[in-house]
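To keep things clear, I will list the structure first and then write my remarks on it.
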Amino acid sequence: MTVTNSVGQLGVMSGPFAVCPGQSGLVFSVPSANGVATYNWTAPSGVTIITGQGTNSVSLSIAPGFTVGNLCVTGTSVCGVTSAARCKTVSSTLPGTPGNITGASTGVCGQTISYSIPAISGITSYNWVLPSGATLASSNGNNTVDVTYTGSFSTGQLCVTAVNGCGSSASRCINVKGVAATPGIIDGPATVCTGEQGLQFEVSPVFGAVSYTWVVPSGSSIIAGQGTSSIIVDWGINSGLVTVTSTNGCGNSGTRTLNVIVNCKISGEIPGVLVNAYPNPVASELTVEVTAETANAYSLELTDVSGRVVYNGQMNTTGGMKTTTVDVSNLSKGMYMLTVRSNDGFSNQIRIAVQ
């Protein structure tokens, strides 16, 4: 009978092969192997075996300055037969870039804001770098920090790095602005009637904004809410833009706009007023004639078949007949709509042929 005295290949080594100088208590091991009485571990320069030599599991410490080397282990039987070495490369690594920074990036003017990043395993500290005009309101070194901005802060970058025994990671940064963000979409009617009252326009409140500035088209009036995120408007006779900006002590945001179209009228033709236009068809000069019982102001608007305004004008009457002329010589041939509106919301319309 033949007896073979041998030791097979050891199993795969496990452990934290990415290490940092200064770490201690790092455990590496191989599976227990049949026939092995003792295990002999060999560590690279800069790595010390603290405990476990002779067993299948050891605890190591990493010296300052360590970079890279092989950790090896062999198994030896009671008869003195030694296995082939099982080796793995151990190397020091810098921390990964921190995750996304959570916290306000606009509207920070004069405020103290909390910022944080997800904690990273094995990190000894975090280093936050602040823009000019900002100071720490809490201690540095943690993954959460409080930052106070001056009342005149403009813009800058807030950055953080993660630090371990291997050094510092790449920076994670966000841009921060003192002014508030541009307001979101304006919620309100995009089509209105001439003279319509009590129309509400609003935006969601903007972080860091202390007031809002609204502008409405000429002839329309903001009757409530100027300075807030919601206004009430009595509409006039003109289509146009409703705009809003948010404001704080560091300045004004960008402008949000809503194009509002007048596409109906409250009632029918202007009471007590006759409107005539001649010649019709017209080639060069159109005469508009308004006969009114009382003094009033009227707007004149000429639009093409697509609704594009090609002429805007004004005329005032003192009672009786009043005429004005409109130059149409530069207009393309075709059909147009002449609208004469009173300032109380009524209108008369005449179809005009330009030839």
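The table below gives the values:
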read-out	value
Any hit, segment 4-27, residues being surrounded by 13 or more Cβ atoms within 10 Å (Cβ to Cβ), among the polar types (S, T, N, Q) and farther than 22 Å from C166 by Cα	no
Elements of type strands (runs of 3 or more DSSP E) in segment 220-280, at least 1 residues being touching a residue at least 40 places away in the same chain (Cβ under 8 Å), touching a Cys at 6+ places or on another chain (Cβ under 6 Å) and at negative phi	240-248, 256-265
F66, sole failed condition from (1) in a strand (DSSP E or B); (2) in contact (Cβ under 8 Å) with a residue 24 or more places away in the chain	(1)
Residue within segment 159-179 that is closer than 17 Å to N248 by Cα and assigned to a loop (DSSP other than H, G, I, E, B) present	yes
Answer residue from segment 90-127, given it is assigned to a strand (DSSP E or B) and at pLDDT below 95 and is surrounded by the most Cβ atoms within 10 Å (Cβ to Cβ) among those	V90
Residues that are closer than 13 Å to S342 by Cβ and either modelled with pLDDT of 90 or more or surrounded by 19 or more Cβ atoms within 10 Å (Cβ to Cβ) (or both), drawn from segment 297-313	Y298, S299, L300, E301
Subset tally (residues that are assigned to a strand (DSSP E or B) and either over 14 Å from V273 (Cα atoms) or under 45 Å from the mean Cα position of the chain (by Cα) (or both)) for segment 289-335	18
Number of the exception - I186 against (1) among the β-branched types (V, I, T); (2) loosely packed, with under 14 Cβ neighbours inside 10 Å; (3) at pLDDT 90 or above	(2)
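The values are calculated or read from the model by the stated rules, or taken from the named source; none is laboratory data. Only a predicted model underlies this, so the values are computations on that prediction, with no experimental measurement involved. With ideal geometry, Cβ positions are generated from the backbone for all residues, glycine too; neighbour counts draw on all protein chains shown.
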